[in-house]
Amino acid sequence: MTILNHILGFPRIGYKRELKIAQEMYWSKKISKSKLKKIGKKIRIKNLKIQKKMGLDFLSVGDFAWYDHVLTTSMMLGNIPKRFINSHNKINLDTLFYIARGVSCNQKSTYPSEMTKWFNTNYHYIVPEFHKDSNFKFSWKQLFEEIDEALLIGKNIKPILLGPMSYLWLGKTYEFTFNRFNLLDEILNIYKNILIQLKKKGIQWVQIDEPILSLDLSSEWKKKFIYSYNYLKCDVNILLTTYFGNVFHNLDIIQEIPIQGIHLDLVEGNYNILNLHKYFSKDLIISLGIINGKNIWKTDLLKYYTLIKKLLKHRNNIWIGSSCSLMHVPIDLDQEKRIKTELKILFSFAVQKCYELNLLKNSLNINNIDLLESWVLPLFTYNNINDNNHKNNNIKHQILNLNKNNYQRKSSYKDRYIKQKNKLNLPILPITTIGSLPQTKDLRDLRFKFKYGSINKKEYQKEIFKIIKYNIREQEKLDIDVLVHGEPERNDMVEYFGENLEGFLFTDYGWVQSYGSRCVKPPIIFSDISRIYPITLDWIKYAQSLTKKPVKGMLTGPVTILLWSFVREDISQQEIATQISLALKDEIYDLEKNGINIIQIDEPALREGLPLRDIDKEKYLSWAVNAFKLSVSDVKDTTQIHTHMCYCDFNDIIQAISNLDADVITIETARSNMEILDCFKNFRYPNSIGPGFYDIHSPNIPQEKDIIKLINQAMKIIPIQKLWINPDCGLKTRTWIEVNNSLKNLVSATKKIRENIS
Ligand code: GLN
Ligand code: ZN
């Protein structure tokens, strides 16, 4: 019997977000390229040493990325959008950053590649661009450098590649008449070449990620899959890794392709371990993804011990691993000081997950469960306590008593529209922003001082009020119509609500990469959720007291709070979302009672919760939409509810978005060339829309004439009475100079259009 253990990837940001800090210093020219590279290397080495120390049988290499691993793959394949190719045809680390972030020099700016969500996670990747004349060439050999580095630490290296089929699927074609499969052969050629070179380096196993196997694939994709893997066949062993869901609807492909191992995600895939051996030939390695790469609870190793023991009767060659890459969880629980010890024993971060893999492997090898039992005991005890609390809790009964009316606003959108128009008296093409305004270092320091007690609540409030006042005055100067307080009190849109609601726990260093240098620190939902005091009221009330223009109340929606937190696993996601929604309902009631007439409830995560397969989508959308509607159903007709979502792929959920029945939705479009509008051509969206006329993700300043063009484009599709003008996301990551210049252009562009109309 052989059991080997491995992970699908380790977090790449560093224990204290060293990569983020280094990237940002490099971008602002505070450190040199060689210094940046040194820091990256240090992180990689440390990650490898952890895997080695934790007793993993393979050291995984290739999970590091300077910005994003899909972008790394584009670099590797030499798939560089033409606009970034310089006269010497040279590509380097700067090219990579330019593609991700755009470039501005000598008045000329080059727009970055699009960015979108990585399957059903909160990670974003840079979308590869495919054209008829795209050329591929093995150009970026970072992987081989990393392998050399790793070989100094251990012998059993497992390189990780994003698979060619998933790469091809994740990209975007920019010409209608062209079929992306035309590019396949060239891409495969490079992959094959890489595999051969890996073999020469003495590599035994290569992990090839094909997460698209969790999706519904057309017969053409299936055929090409088989074709591709037959093409790639060579001496090196391929572990085909699938994750984020079950892949048995694509079993025909997996059974037919020449691979040596298959990795299955047992957490999201919901397989029956005991049957697995029936589906695969005897000599195929099955790698069981049992350690949740997306959540932070300890694994019930006892359960897996028993199941794997049974599976071992049919198979003596089994690997155990993380369900997906560990990049979606924080690095090391041992860094945490804020979580009490009695709760800490419930959790497992990336390092502890490696430890779990070793513990289980050793226990299986020596046929002894003593250590496993003591590992999972706290989890069992905790679940029992939680279960008893939950049963007696008010919230449970409140949820059971909800009925259809609790999910519906009193009047139709048409009636609300007229009432809101009379009440708010806004100009045509009203201008607003998405909520946050620039967060300076001073502001972050201020929050830090308050959090760690070096200033008191009163002093803190006074300072935040000053910032809110500044924010309001700046927006008035710019002549924006619906103002925001700017969210200075928030470090993060989910963490802030978590900190002020009952039922959440916080980490000190629980960072997870969201995109590039952006990291988020998801709170942990560990018990029932409720609101004990008003959360945003004082800030918003103060902001409104400073101006005659309407100030938008700003909340994070239930689905986003749920999906951007690490959730408990003993009750359903639907139930957690409903609990959050009821808590937000109290907040919305307080805001309205205090004269706030516009309230925005952000749901940027709504789409990422969408199950990957069509058959599962409707159920999710129905409870997710209901969670949103439950929170706003009781507001007055004159209260205008906004929502905001930031992504551009709306086609498959447009009906659900419309079902939210928000009075105004603001969405991300600027970065995708207003492509989203196509979706509204085919679907008559009944309520008002702000499609996002300025891409806040890039430091580039949008020019007035370009914005005018975009607004004109939008006006062709969205009735002018229902069109709003706004940036495509919050502005907290931008500087005031960037924001002022950009918003100035946004306002002047809008005013020019308004003049033309009248
Ligand atoms: N209101 C939030 C902000 O402006 C929304 C952020 C988001 O969509 N991710 O920052
Ligand atoms: Zn957004």
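What fraction of the Cα pairs in the chain, stated in percent, has a spacing above 51 angstrom?
Taking all Cα-Cα pairs of the chain, the fraction more than 51 Å apart is 12 percent.
Measuring from a point 7 Å past the Cα of ASN270 along Cα-to-C-beta, which residues in the stretch 550-588 have an amide N at less than 16 Å?
It comes to 569-575, nothing else.
If the limit is 24 Å between Cα atoms, which of LYS421/LYS466; LYS469/LYS593; LYS396/LYS636; LYS469/LYS709; LYS155/LYS353; LYS441/LYS548 go over it?
Values: LYS421/LYS466 31 Å; LYS469/LYS593 22 Å; LYS396/LYS636 27 Å; LYS469/LYS709 33 Å; LYS155/LYS353 22 Å; LYS441/LYS548 30 Å.
Violating the 24 Å limit, Cα to Cα: LYS421/LYS466; LYS396/LYS636; LYS469/LYS709; LYS441/LYS548.
Using a simple charge model, +1 on the beta-carbon of Lys and Arg, -1 on the beta-carbon of Asp and Glu, nothing else, what dipole does the stretch 333-424 show about its Cα centre, in debye to the nearest 20?
In debye, rounded to 20, the stretch 333-424 gives about 1380.
Take the Cβ-Cβ distance between SER374 and ASP479 as r, set R0 to 60 Å, and report the resulting FRET efficiency rounded to the nearest 0.05.
0.40
How large is Rg/Rh for the stretch 628-702, to two decimals, with Cα atoms and a Kirkwood Rh?
Looking at the stretch 628-702, the ratio lands at 1.01.
Which whole-number percentage describes the relative contact order of the chain, with Cα contacts under 8 Å and a sequence gap of 6 or more? Before the final figure, lay out each step's value.
Working: 1374 pairs, mean separation 95.1, N = 758.
The normalised contact order for the chain reaches 13 percent.
Per residue, how much accessible area does the stretch 521-598 show when a 1.4 Å probe rolls over the protein heavy atoms, in square angstrom?
On the way: 2420 Å² over 78 residues.
Per residue, the stretch 521-598 has an accessible area of 31 Å².
Output the relative contact order of the stretch 26-159, whole-number percent, from Cα pairs under 8 angstrom with separation of 6+ residues.
In percent, rounded to a whole number, it is 31.
Find the centroid of the Cα atoms in the stretch 374-402 and in the stretch 160-213, then give the distance between the two in whole Å.
Between the Cα centre of the stretch 374-402 and that of the stretch 160-213, the gap is 46 Å.
Of TYR509, VAL739, GLN204, which is farthest on the positive side of the dipole of the chain, counting Cα position, with +1 on Lys and Arg Cβ, -1 on Asp and Glu Cβ, and the Cα centre as origin?
Value: VAL739.
Suppose all protein chains stay in the model; what accessible area per residue would a 1.4 Å probe give for the stretch 377-428, in Å²?
Heavy-atom accessible area per residue stands at 73 Å².
Treating the stretch 423-573 as a set of equal point scatterers at the Cα positions, no solvent, please give the Debye-formula log₁₀ I(q)/I(0) at q = 0.10, 0.16, 0.18 Å⁻¹.
Log10 of I(q)/I(0), two decimals: -0.41, -0.99, -1.18.
Take the residue pairs LYS423/LYS752; LYS552/LYS752; LYS541/LYS585; LYS20/LYS732; LYS49/LYS337 and return only those whose Cα atoms are more than 22 Å apart.
Checking Cα-Cα distances, LYS423/LYS752; LYS552/LYS752; LYS49/LYS337 exceed 22 Å.
Any number yet on Rg/Rh for the stretch 135-214, C-alpha, Kirkwood? Mind showing how you got there, number by number?
On the way: Rg = 14.7 Å, Rh = 14.2 Å.
Ratio of gyration radius to Kirkwood radius: 1.04.
Would you work out what percent of the accessible area of the chain, with all protein chains in place, is carbon or sulfur (probe 1.4 Å)?
50 percent
How big is the Kirkwood radius of the stretch 269-346, worked out from every pair of different alpha carbons and given in Å to one decimal?
14.5 Å
Could you give the accessible area per residue of the stretch 115-234, probe 1.4 Å, as a whole number in Å²? It would help to have the intermediate numbers written out before the result.
Working: 4810 Å² over 120 residues.
In whole numbers, the stretch 115-234 has 40 Å² accessible per residue.
Using only Cα positions of the stretch 552-673, each an equal point scatterer, no hydration layer, compute I(q)/I(0) via Debye at q = 0.21 Å⁻¹ and quote the log10 values to two decimals.
-1.22
Expressed as a fraction of 2.2 N^0.38 Å, the rule-of-thumb size for a compact globular protein of N residues, what is the C-alpha radius of gyration of the stretch 28-111?
Dividing the Cα Rg of the stretch 28-111 by 2.2 N^0.38 Å gives 1.35.
Label the stretch 356-432 by shape, choosing from rounded, prolate and oblate, from the square roots a ≥ b ≥ c of the eigenvalues of the Cα gyration tensor; if a/c is under 1.5 it is rounded, and otherwise prolate applies when a/b is larger than b/c, oblate when it is not. Working shown, then result.
Working: a/c = 5.57, a/b = 2.59, b/c = 2.15.
Verdict is prolate for the stretch 356-432.
Using only the alpha-carbon atoms of the stretch 175-289 as identical scatterers, what base-10 log of I(q)/I(0) does the Debye formula give at q = 0.15, 0.22 Å⁻¹?
Each listed q maps to, in turn, -0.70, -1.32.
Of the listed peptides 303-316, 593-606, 322-335, 448-461, what is their order by residue-averaged count of other C-beta atoms within 10 Å, with the highest listed first? Could you put the intermediate results ahead of the total?
On the way: 303-316: 15.1, 593-606: 21.8, 322-335: 24.4, 448-461: 12.2.
Order by mean packing, descending: 322-335, 593-606, 303-316, 448-461.
The values are calculated or read from the model by the stated rules, or taken from the named source; none is laboratory data. For clarity, every value in this text was computed on a predicted model and none was experimentally measured. Counting neighbours? That spans all protein chains shown, and the Cβs are built from the backbone with ideal geometry, glycine included. For accessibility, only protein heavy atoms count, side chains too; no ligands or nucleic acids. Shrake-Rupley method; radii C 1.70, N 1.55, O 1.52, S 1.80 Å.
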